[in-house]
Amino acid sequence: MGINRQMNSPLPKNPTILLVGQPNVGKSALFSELTGLYVHVSNYPGTSIEVAEGRFTYKRRSFNIFDTPPVYGFNYQSVDENSTYQLIEKTRPDVVLHVADAKNLKRDLFITLQLIDMNLPVILVLNMIDEAESRGIRIDSARLSQMLGIRVVETSVAERRGIQNLLKVISEAASGHEKAAALLPLQMTPQQYLQKTQGICSQVFLKQEAGRGTFMVWLENATTHPFYGLLILLMVLALLYEVAGKFGASVLVDFIKDKIFDALITPSVLSWVNHIPFPFVVEMLTGTYGLYTMGIVYAFAILLPMIAVFYFAFGIMEDSGYLPRLTVMTDRLLRIIGLNGKATLPIVLGFGCVTMALLSTKSIESRKERFIAAFLLALTIPCGAKLSIMMGLFTFLPLKTFFFFLFFMSFNMIVNGYLASKIIKGEKSTFMLELPPFRLPHLRNSMKKTFHRLTWLTNEVIPAFLLGTFILFILDKTAILAQIETLCAPIVSGWLGLPAKMTEVLLMTFFRSEYGAAGLMNIALSGYLDPIALLVSLVVLTLFIPCFASLVVLFKEFGVKFTTFAALFIPTYSVLMGTLINYLFRHFSVIQKLFM
């Protein structure tokens with residue numbers, strides 16, 4: 001392609017390119033395609049929370065590029081609009097790429113006209129041109145370019161179509177433009193911009209026919225229907241249970257652990273380690289709490305196979321446009337607990353990474369709603385790595401137990417959210433969401449997303465797993481671990497009805513939440529847990545305090561009081577809920593028969 005990709009610090013003075021556009025138009029996908037730097041790319045609004053910065057080279061010339069937060073215009077009414085405008089003012093870009101959805105040109109052209117009136121060097125990128133064509137939409141790009149007085153380029157980032165032409169146009173524009181001394185004020189009212197947009201679109205659409213299949217239209221409507229939407233949601237959850245749970249846990253984990261590690265890698269490692277003349281080192285590497293036997297094996301033989309399947313399945317749901325439709329299904333629920341659709345994005349992102357989701361709560365303008373969302377993320381949302389292992393563990397239980405668990409967790413979210421909305425003071429905000437169309441996910445994008453997430457997770461997880469294992473090893477050698485287990489026995493073995501080894505799992509969770517989940521998987525595979533104990537373990541682990549990184553973000557973003565409260569309340573609450581489940585299922589046979 002002629003693009004040399006490299007990291008971006010520090011950036012010399014090269015031509016500056018700014019990506020601007022509404023949510024869900026492919027800005028971040030284009031940024032990733034040009035720079036090779038991964039940013040979260042999904043088919044739901046508001047993915048880009050902060051500015052991403054990178055560099056690419058075309059024909060031996062380097063360009064700096066920024067992916068700005070999504071905006072609906074420049075009326076200075078939101079944090080995203082202000083931050084994007086300030087970045088434009090600060091950088092004085094050589095080129096502004098306005099990335100527009102070719103299917104929704106009437107909506108997106110509003111921003112193009114505003115950027116032109118600000119005296120900015122604009123290139124209009126009509127992205128997703130393939131989807132527009134599949135819907136029977138044809139645009140006269142040459143006519144549009146003439147009417148606007150700027151270059152117009154058709155692209156499909158998903159199909160890597162039009163990228164070479166776009167690079168050529170960017171290079172030409174950056175060479176021939178002198179930066180404006182100052183940004184000009186907008187010349188018209190929003191209503192006037194809309195009227196002008198309508199007039200332009202009426203002249204550039206060559207034809208617009210119904211090019212979509214009736215099934216896709218029905219599916220778009222059905223996913224937000226009160227009845228059919230719920231049925232589809234249950235089917236999606238059941239499918240996720242089968243794919244991410246059974247395939248990931250039963251097939252991949254068994255194959256990688258038994259056929260690769262146990263049969264090939266572990267014998268070689270043990271043979272090499274046993275030649276070390278220091279018993280302490282041998283035990284530290286390959287003992288019960290060995291850096292290899294626990295740290296490495298947990299990460300590569302248990303966690304990564306399941307999380308790979310889960311991330312891929314989750315990516316398919318993101319790219320298809322299904323996840324934002326859940327906001328319609330959950331809108332009434334969110335309003336009960338003092339939130340609205342704006343909080344859906346952080347909650348959805350929480351199933352990928354709670355730490356990043358906590359950072360994304362910056363997009364929530366209401367302080368009250370931001371604190372509620374952060375509280376629920378820390379208490380009730382398991383990150384993707386933990387969730388993938390839990391899905392695998394649920395394959396040891398009947399499907400009806402899985403749905404009981406979902407109901408119980410939803411009930412916990414409603415109750416805690418409702419109470420938080422009554423305790424936390426502040427104003428509610430309003431929010432309107434434009435649903436993206438349903439799309440057939442591109443396999444390349446889903447696989448790329450899975451690869452980048454796994455790479456990031458591996459870099460995060462391996463050091464944490466090794467550190468956590470080493471600490472457990474030291475605690476075991478000094479007999480402190482046995483003392484901790486004895487101290488916690490009345491709660492772990494008494495109230496919760498779990499084996500003493502579960503204390504280790506809870507300790508692991510403080511290092512990384514997925515580390516604790518991997519430890520629980522190992523205990524389950526070893527046969528230490530009966531079905532009720534496994535369900536109790538899953539409830540406690542889901543509600544248990546998030547990993548250390550999440551606590552650090554809580555402290556930085558929400559202060560010491562809120563973090564201290566979360567660190568004390570959440571573990572206590574998780575134990576109480578686990579105790580409740582243990583009591584109900586062991587003392588009431590009717591509940592056990594219904595759900596197990």
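Numbers below:
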item	result
Euclidean distance between Cα centres, the stretch 120-189 to the stretch 415-485, Å	38 Å
Dipole magnitude of the stretch 49-165, debye to nearest 20 (Cβ charges: Lys/Arg +1, Asp/Glu -1, about Cα centre)	500 debye
Normalised contact order of the chain, rounded percent, pairs of Cα under 8 Å and 6 or more residues apart	12 percent
Whole-angstrom gap from the stretch 543-564 to the stretch 229-308, using each part's C-alpha centre	29 Å
Furthest towards positive pole of dipole, Pro437, Ile316, Leu419, structure part the chain, Cβ charges	Pro437
Cα lying deepest toward the dipole's positive end in the chain, options Leu454, Gln146, Thr361, charges on Cβ	Gln146
Degrees separating the helix 79-91 axis from the principal Cα axis of the chain, which is the longest one	60 degrees
In sequence order, calculated HN-Hα J values of the stretch 102-112 (Karplus, 6.51, -1.76, 1.60; Hz; x Gly/Pro)	4, 6, 10, 4, 4, 7, 7, 5, 3, 6, 4
Per-peptide average of other Cβ atoms within 10 Å, ordering 26-35, 529-538, 473-482 highest first	26-35, 529-538, 473-482
Violating pairs (Cα-Cα greater than 19 angstrom) within the set Lys27/Lys103; Lys27/Lys428; Lys386/Lys561	Lys27/Lys428; Lys386/Lys561
By average C-beta atoms within 10 angstrom, highest first, the peptides 553-564, 457-468, 513-524, 390-401	513-524, 390-401, 457-468, 553-564
Karplus (6.51, -1.76, 1.60) ³J(HN,Hα), θ = phi - 60°, over the stretch 248-259, in Hz, Gly and Pro reported as x	x, 7, 7, 8, 5, 4, 4, 5, 5, 6, 7, 7
Dipole magnitude of the chain about its Cα centre (Cβ charges: Lys, Arg +1; Asp, Glu -1), debye to nearest 20	660 debye
Förster-model FRET efficiency, 22 Å R0, Tyr228 and Leu406, C-beta, rounded to 0.05	0.70
Cα long-axis angle, helix 531-543 against the chain (0 to 90 degrees, to the nearest 10)	50 degrees
Positive-pole candidate from Leu183, Asn82, Ala132, dipole of the chain, charges at beta carbon	Leu183
DSSP-assigned coil residues among GluC sites (Glu not before Pro) in the stretch 120-201, each with at most 13 further Cβ atoms within 10 Å	Glu178
Amide hydrogen neighbours beyond the local backbone of Val71, cut-off 5 Å, H modeled	Gly21, Gln22
Set of lysines with alpha-carbon distance to Lys477 below 26 Å, sequence-local pairs under 8 removed	Lys501
Between 0 and 90°, nearest 10: helix 480-489 axis offset from the chain longest Cα axis	90 degrees
Filtered chymotrypsin sites (Phe, Trp or Tyr not before Pro), the stretch 203-306: DSSP coil and at most 12 other beta carbons within 10 Å	Phe227
Residue-wise HN-Hα coupling along the stretch 453-460, computed from phi with Karplus coefficients 6.51, -1.76, 1.60 (Hz; x: Gly, Pro)	5, 5, 4, 4, 5, 4, 4, 7
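Rule-based calculations on the coordinates, nothing more; no lab input. Bear in mind that the values here come from a model prediction, so they are computed numbers and not experimental data. Here the Cβ is made from the backbone with ideal geometry for all residues, glycine too, and neighbour counts use every protein chain on show.
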